[in-house]
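Notes to accompany the following structure.
The values are calculated or read from the model by the stated rules, or taken from the named source; none is laboratory data. Predicted model, so just to flag it, every value in this text is computed and none were measured. As a convention, Cβ positions derive from the backbone with ideal geometry for all residues, glycine included, and neighbour counts pool all protein chains shown.
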Amino acid sequence: MDDQLIDAFDATELIPGFDAPALPGERPDRATLEAAEHNTRHWMSPVRGRFAPGTQVHRDETCRMFRETFNPYRPSVLEWPKLDPVALKRITGLPIWDIAVQTEGKARLRMAAYAATLDDAAMRDALALNAWEENRHKEVLSRMVAAYGIPLASEPPYVFPEDTEWAYLVTGYSECVDSFFAFGLFEVARRSGLFPPELIDTFEPVMQEECRHILLFANWVAWHRARLTWWRRIRFELKVAAVWAFLAWERIGLARAIDAEGNEHEQDNNFTMNGAQQVTDVDISVPRLMRLCVAENDRRFSGYDERLLRPETMPRLVRFALRFLREKKT
């Protein structure tokens with residue numbers, strides 16, 4: 001496939017038999033929006049008993065959760081509030097927009113590419129929907145930067161991954177890391193009052209969707225791992241360890257990216273971990289921010305059936321670190 005053509009269509013077209021969800025043609029009324037918001041955040045399975053990883057029940061309820069919590073918002077009818085000059089400068093000055101748009105572009109392709117390799121129809125459809133939603137996130141960001149005149153580097157062509165499983169693991173674990181910190185930063189931004197409440201409300205469905213995405217990923221990992229033979233399991237665990245090493249290296253400093261014209265740009269891959277000072281004018285300590293990330297992570301997952309597995313690596317690491325972090329005395 002010509003790499004230059006990949007960005008010209010929704011990556012889910014790579015998946016035979018996938019039908020994109022129907023979306024409302026115009027902005028839904030308030031009652032419809034509130035119902036969709038509630039359904040996105042709250043889901044309980046009617047099935048009794050535990051969801052043993054690798055079983056058909058575990059697969060079915062994971063996929064059912066993802067399908068039934070789908071939020072049918074349409075990016076083209078989202079309302080972008082008018083910003084005063086100070087808020088506009090603050091928004092346009094955030095060093096995240098290039099990498100945010102390109103990350104969603106890579107995620108949609110990588111997820112769709114891996115989904116297309118799956119023989120299990122239920123899980124393939126769930127991952128295909130995940131890829132479709134990543135494409136919708138990219139559209140939301142694209143419309144926002146257009147609305148506020150945020151300059152972006154031209155997007156490079158999105159390269160089809162040679163190892164689709166590796167690409168999916170990198171994307172999934174990266175979202176688990178970034179979403180954990182993004183939940184806390186989003187709450188810091190909401191409390192700060194530096195951004196219009198209407199803008200926070202517009203992005204809220206996207207934030208909750210990221211929660212659903214990593215919930216699906218955590219349960220896919222457990223389901224996939226449990227179904228492997230012992231020798232394939234060893235290979236898989238080595239690949240997972242390599243993914244974590246790659247993500248740690250990627251976040252050591254500024255990553256360098258090449259745009260469509262071949263120009264090099266520096267991108268801050270660590271914004272979700274150290275960007276609090278750019279979304280609030282209040283000095284927030286590291287321990288306080290970490291506790292807020294944990295609390296927001298727990299809150300966003302609280303409405304889903306507890307028998308579904310949650311991403312645990314970042315919450316565990318941060319809870320462990322908090323044992324040794326103390327607030328500075330003033």
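Would it be correct to say that ALA22 is within 20 Å of ALA107 (Cβ to Cβ), in a loop (DSSP other than H, G, I, E, B) and either modelled with pLDDT under 85 or among the small types (Gly, Ala, Ser) (or both)?
When the stated conditions are applied, ALA22 does not pass them.
Mind telling me which of the residues ARG225, ARG212, ARG190 ends up being assigned to a helix (DSSP H, G or I) and surrounded by fewer than 17 Cβ atoms within 10 Å (Cβ to Cβ)? Walk me through it before giving the result.
Values: ARG212 fails: surrounded by fewer than 17 Cβ atoms within 10 Å (Cβ to Cβ); ARG190 fails: surrounded by fewer than 17 Cβ atoms within 10 Å (Cβ to Cβ).
Going through ARG225, ARG212, ARG190 in turn, just one is assigned to a helix (DSSP H, G or I) and surrounded by fewer than 17 Cβ atoms within 10 Å (Cβ to Cβ): ARG225.
Tell me which residues, restricted to region 190-202, are out of contact with any helix residue (DSSP H, G or I) (no Cβ under 7 Å at 6 or more places or on another chain) and in contact (Cβ under 8 Å) with a residue 60 or more places away in the chain. Reasoning before the result, please.
Kept after step one, since they are out of contact with any helix residue (DSSP H, G or I) (no Cβ under 7 Å at 6 or more places or on another chain), are these residues of region 190-202: 191-193, 197-199, 201-202.
Selection gives ARG191, SER192, GLU198, LEU199, THR202.
With the condition kept exactly as written, say whether any residue in region 287-304 is at negative phi, modelled with pLDDT of 85 or more and part of a strand (DSSP E or B).
Initially, region 287-304 is screened for residues at negative phi, giving 287-304.
Okay, now just the ones that are also modelled with pLDDT of 85 or more, so 287-304.
Restricting the remaining residues to those that are part of a strand (DSSP E or B) gives 304.
The answer is yes; a qualifying residue exists.
Could you check, for region 320-328, whether at least one of its residues is surrounded by 13 or more Cβ atoms within 10 Å (Cβ to Cβ) and at pLDDT 70 or above?
Our first condition is that a residue be surrounded by 13 or more Cβ atoms within 10 Å (Cβ to Cβ); within region 320-328, this holds for 322, 325.
When the remaining residues are screened for being at pLDDT 70 or above, the result is 322, 325.
Looking through region 320-328, at least one residue is surrounded by 13 or more Cβ atoms within 10 Å (Cβ to Cβ) and at pLDDT 70 or above.
I want to confirm something. Restricting to region 31-64 and keeping residues that are of a type in the set (D, E, K, R) and surrounded by 13 or more Cβ atoms within 10 Å (Cβ to Cβ), which single residue is nearest to CYS211 (Cα to Cα)?
Just the residues of region 31-64 that are of a type in the set (D, E, K, R), to begin with: 34, 37, 41, 48, 50, 59-61, 64.
Filter once more, so that each one left must be surrounded by 13 or more Cβ atoms within 10 Å (Cβ to Cβ): 37, 41, 59-61, 64.
Working: GLU37: 13, ARG41: 9, ARG59: 18, ASP60: 19, GLU61: 17, ARG64: 16 Å.
Among those residues, the one meeting the criterion is ARG41.
Picking from ALA276, ALA257, which residue would you name as being modelled with pLDDT under 50, out of contact with any Phe, Trp or Tyr (no Cβ under 6 Å at 6 or more places or on another chain), surrounded by 14 or more Cβ atoms within 10 Å (Cβ to Cβ) and under 30 Å from GLY93 (Cα atoms)? Even if it seems obvious, please write down each step before you answer.
On the way: ALA276 fails: modelled with pLDDT under 50.
Of the residues listed, the single one that is modelled with pLDDT under 50, out of contact with any Phe, Trp or Tyr (no Cβ under 6 Å at 6 or more places or on another chain), surrounded by 14 or more Cβ atoms within 10 Å (Cβ to Cβ) and under 30 Å from GLY93 (Cα atoms) is ALA257.
In region 32-48, which residues are in a loop (DSSP other than H, G, I, E, B) and either at pLDDT below 95 or among the aliphatic types (A, V, I, L, M) (or both)?
Here is the first cut: in region 32-48, the residues in a loop (DSSP other than H, G, I, E, B) are 42, 44-48.
Those that are in a loop (DSSP other than H, G, I, E, B) and either at pLDDT below 95 or among the aliphatic types (A, V, I, L, M) (or both): MET44, VAL47.
Within region 176-185, is even one residue of a type outside the set (Asp, Glu), outside any helix (DSSP H, G or I) and either farther than 21 Å from VAL318 by Cα or in contact (Cβ under 8 Å) with a residue 60 or more places away in the chain (or both)?
Going residue by residue through region 176-185, those that are of a type outside the set (Asp, Glu) are 176-177, 179-185.
Within this subset, residues satisfying the condition of being outside any helix (DSSP H, G or I) are none.
Within region 176-185 (the criterion being of a type outside the set (Asp, Glu), outside any helix (DSSP H, G or I) and either farther than 21 Å from VAL318 by Cα or in contact (Cβ under 8 Å) with a residue 60 or more places away in the chain (or both)), the answer is no, since none of the residues qualifies.
Quick one: in region 71-95, of everything that is buried (at least 17 other Cβ atoms within 10 Å of the Cβ) and not in a helix (DSSP H, G or I), which residue is modelled with the lowest pLDDT?
The residue in question is LEU78.
Within the bounds of region 174-183, is there any residue that is under 25 Å from LEU118 (Cβ atoms), buried (at least 16 other Cβ atoms within 10 Å of the Cβ) and among the charged types (D, E, K, R)? Show your work before the answer.
From region 174-183, those under 25 Å from LEU118 (Cβ atoms) are 174-179; that's our starting set.
Of the ones still in play, those that are also buried (at least 16 other Cβ atoms within 10 Å of the Cβ) are 174-179.
Within this subset, residues satisfying the condition of being among the charged types (D, E, K, R) are 175, 178.
Within region 174-183, one or more residues are under 25 Å from LEU118 (Cβ atoms), buried (at least 16 other Cβ atoms within 10 Å of the Cβ) and among the charged types (D, E, K, R).
Would you confirm whether or not region 51-59 contains a residue that is part of a loop (DSSP other than H, G, I, E, B) and β-branched (Val, Ile, Thr)? Break it down into steps so the answer makes sense when it comes.
Step one: of region 51-59, the residues part of a loop (DSSP other than H, G, I, E, B) are 51-55.
Restricting the remaining residues to those that are β-branched (Val, Ile, Thr) gives 55.
Within region 51-59, one or more residues are part of a loop (DSSP other than H, G, I, E, B) and β-branched (Val, Ile, Thr).
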